[in-house]
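S.K.: Quick one: the structure is below, and I'll ask about it shortly.
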Amino acid sequence: MKKLLFGLLATFSLFSCKQDDPNTTLQTVESMDPAQYVGVWYEISSIPQFFSAGCNCTQAEYQIRANGTVNVKNTCNLFSPTGLLNKISGTATIVEGSNNAKLNVSFFGNPTNSTVGNYWIVELASDYSYSVVGDPLFSTLFILSRSRTMPQEQIDGILARMSALGFDVSKVKKTNQNNCL
């Protein structure tokens, strides 16, 4: 039941964003190499979404499928670092012409064919040690890292850059990654 609830809430959140807003000023990274992006990412901070309420130790894992789509597996522990494991799987497709920096992600059914996408990589470390993901409506923001922690100075720098881009960073909350299994 909790898996279904998490999935439904995640889906509603993704589809509640207007997908084809031509007036956006947000820019993505120049390009992203999917082979380097795959693997596990830990959520360091985010603008909380209703589907992530109660989540601790949040992480995402991406794998390229044989057909070129991306398998997305999100997990978190509910209400404490050792709480009930909550997981959901979905699919992402790369937006054509985006140099892999924009994706359409869906947790139920196939992703849309939107030319805008709902997962925009707006900052990416050259060594793929961290990534910052948002959307063209500035309603989501995720700071992801290959490790469970990042230096606070690095997070502060990212937040300053995201604020300059137009994100309301006062809404960003740190994700609990302490004492995770």
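S.K.: With viscosity set to 1.567 mPa s and temperature to 4 °C, compute the Stokes-Einstein D of the range 56-160, Rh being the Kirkwood radius across alpha carbon pairs; µm²/s, no decimals.
M.R.: Numbers: Rh = 15.0 Å.
Diffusion coefficient, whole number: 86 µm²/s.
S.K.: OK, next. Could you give the size of the charge dipole of the chain about its Cα centre, using +1 on the Cβ of each K and R and -1 on the Cβ of each D and E, expressed in debye and rounded to the nearest 20?
M.R.: 680
S.K.: With springs only between Cα atoms under 10 Å apart, run a GNM on the chain and tell me which of A101, A66, A53 wobbles the most.
M.R.: A66
S.K.: When the chain is modelled as a GNM with alpha-carbon springs shorter than 10 Å, which of K87, K171, K73 fluctuates the most?
M.R.: Most flexible of the set in this elastic network: K171.
S.K.: Around T93, what is the net charge, scoring Lys/Arg as +1 and Asp/Glu as -1 over all other residues with Cβ under 15 Å from its Cβ?
M.R.: Details: positive: R65, K102; negative: E96.
Local net charge: +1.
S.K.: Would you kindly state how much longer the chain becomes between D33 and N71 on full extension, computed as 0.36 nm times their sequence separation minus their alpha carbon distance, in nm to one decimal? Could the numbers behind the result be given before it?
M.R.: Values: separation 38, 0.36 × 38 = 13.68 nm, distance 1.55 nm.
Computed gain between D33 and N71 is 12.1 nm.
S.K.: Of C57, C180, how do they rank once you tally other Cβ atoms within 10 Å and put the fewest first? Intermediate values should be presented prior to the final figure.
M.R.: Details: C57 23, C180 15.
Fewest-to-most Cβ neighbours within 10 Å comes out as C180, C57.
S.K.: What spacing in nm lies between the two simple spin-label points modelled at L78 and C180, each 7 Å away from Cα in the Cβ direction?
M.R.: Output for this residue pair reads 1.9 nm.
S.K.: Sticking with this one: Cα centroid distance between the range 151-173 and the range 56-98, in Å?
M.R.: So the two Cα centres are separated by 23 Å.
S.K.: So if each residue of separation counts as 0.36 nm, and I subtract the Cα-Cα distance between L85 and F138, what length gain in nm does that give?
M.R.: Numbers: separation 53, 0.36 × 53 = 19.08 nm, distance 2.88 nm.
Result for the pair: 16.2 nm of gain on full extension.
S.K.: Now for a separate question. Hey, what does the equivalent ellipsoid look like for the range 20-106, semi-axes from the Cα gyration tensor as sqrt of 5 times each eigenvalue, largest first, whole Å?
M.R.: On the way: eigenvalues 134, 57, 26 Å².
Working from the Cα gyration tensor, I get semi-axes of 26, 17, 11 Å.
S.K.: Now for a different question. Evaluate 2.2 N^0.38 Å with N set to the residue count of the range 129-169, then give the Cα radius of gyration divided by it.
M.R.: Its radius of gyration relative to the 2.2 N^0.38 Å reference: 1.14.
S.K.: Continuing with the same structure: Can you tell me what percent of all Cα-Cα pairs in the chain are more than 20 Å apart? All intermediate terms of the calculation are to be shown ahead of the outcome.
M.R.: Values: 8306 of 16290 pairs.
Summing the P(r) of the chain above 20 Å gives 51 percent of all pairs.
S.K.: With unit charges on the beta carbon (Lys/Arg positive, Asp/Glu negative), name the residue among I47, V95, N178 whose Cα is farthest towards the positive pole of the charge dipole of the range 25-181.
M.R.: Positive-most Cα among the choices belongs to N178.
S.K.: Per DSSP helix of 4 or more residues, -39500 (n - 2.57); summed, then divided by the residues of the chain. What does that give at 222 nm, rounded to the nearest 500? Walk me through the numbers before you get to the answer.
M.R.: Numbers: 3 runs with 33 residues, N = 181.
Computed mean residue ellipticity for the chain: -5500 deg cm²/dmol.
S.K.: Under the definition of Cα pairs under 8 Å and six or more residues apart, what whole-number percent is the relative contact order of the chain? Mind dumping the intermediate values first?
M.R.: On the way: 377 pairs, mean separation 47.9, N = 181.
RCO, the chain: 26 percent.
S.K.: Additional query: Suppose the chain between T149 and A164 were pulled fully straight at 0.36 nm per residue; how much longer would it get relative to their current alpha carbon spacing?
M.R.: Details: separation 15, 0.36 × 15 = 5.40 nm, distance 2.36 nm.
Extra length available between T149 and A164 comes to 3.0 nm.
Here, each number is a calculation from the coordinates, and none is a lab measurement. All of these numbers come straight from a predicted model, not from anything done at the bench. Because the Cβ atoms are built from the backbone with ideal geometry, glycine has one as well, and the counts that use them run over all protein chains shown.
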